[in-house]
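Have a look at the structure that comes next, please.
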Amino acid sequence: MIHWIQFIIPILSGSTFLGFVGMIYKLGKYSQLFDFLKQTVNKQEAMIHTATSDIIILKTLDKRIIRLENIWDEKLKNVMTQKNSPLTLTPYAEKVLKEIRFDMIFPKIKNDLAKELEGNNLRTAYDVQEMARFIVRQKRDDVIFDELKTEVYKTGNNFDEVIAAIYIPLRDYYLETHPEIIKN
């Protein structure tokens, strides 16, 4: 029996050694995988930091753009409308709208624009005026204004000026069709 034990012990110790080497090899692979994942996480964190910085910059720029748009809108509003009660178009605005044949185009689009005003809890003429202004600005790139843009292009007028004026006829049309709205 001693022969068998002498023969088995080196085999067992060799297999134990091989098992130990295999385990060390696997630990090395796991260590490499861990290092790879750590590098990937570090890169992702750097990308998140960069994206966060970019978002902060974009938010700042967006606020500045909104401020500039508001300033531009006020300047256009002063060029295209007169401070009466209610606001009216300036002679310049009337001239621009006449040049672009607005009187021919408005009947085609007024009902669609008026539908946009519906459901906005409009109680006063001022509510209608401001919502008409908002909707016209919001829909400026919509298909509904394509014919208008074509006329603006043909005549060399400024579409921003037109947008700053056409909410007044929309307001008037809506108020005519909704006598229940408080006008004073």
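The values are calculated or read from the model by the stated rules, or taken from the named source; none is laboratory data. All values reported here derive from a predicted model rather than from experimental measurement. Every residue, glycine as well, gets a Cβ built from its backbone with ideal geometry; the counts of neighbours run over all protein chains shown.
Name the helices (runs of 4 or more DSSP H) wholly within the stretch 104-184 that hold at least 2 residues that are surrounded by 12 or more Cβ atoms within 10 Å (Cβ to Cβ), in contact with a Ser or Thr (Cβ under 9 Å, 6 or more places away or on another chain) and in contact (Cβ under 8 Å) with a residue 40 or more places away in the chain? Reasoning before the result, please.
Working: elements: 125-138, 146-155, 159-177.
The qualifying helices (runs of 4 or more DSSP H) are 159-177.
Failed condition for Tyr173, given (1) of a type outside the set (Gly, Ala, Ser); (2) on the phi > 0 side of the Ramachandran plot; (3) in contact with a Lys or Arg (Cβ under 7 Å, 6 or more places away or on another chain), with all others met?
(2)
Looking at Lys77 and the list (1) closer than 30 Å to Thr150 by Cα; (2) at pLDDT 75 or above, which single condition is not satisfied?
(2)
Going by the conditions given, is Gly14 modelled with pLDDT under 65 and surrounded by 10 or more Cβ atoms within 10 Å (Cβ to Cβ)? Let's see the steps before the verdict.
On the way: modelled with pLDDT under 65: yes; surrounded by 10 or more Cβ atoms within 10 Å (Cβ to Cβ): yes.
Here the answer is yes, as Gly14 does meet what is asked.
Yes or no: Lys139 modelled with pLDDT of 90 or more and either closer than 22 Å to Lys95 by Cβ or among the hydroxyl-bearing types (Ser, Thr, Tyr) (or both)?
On the way: modelled with pLDDT of 90 or more: yes; either closer than 22 Å to Lys95 by Cβ or among the hydroxyl-bearing types (Ser, Thr, Tyr) (or both): no.
The answer is no for Lys139.
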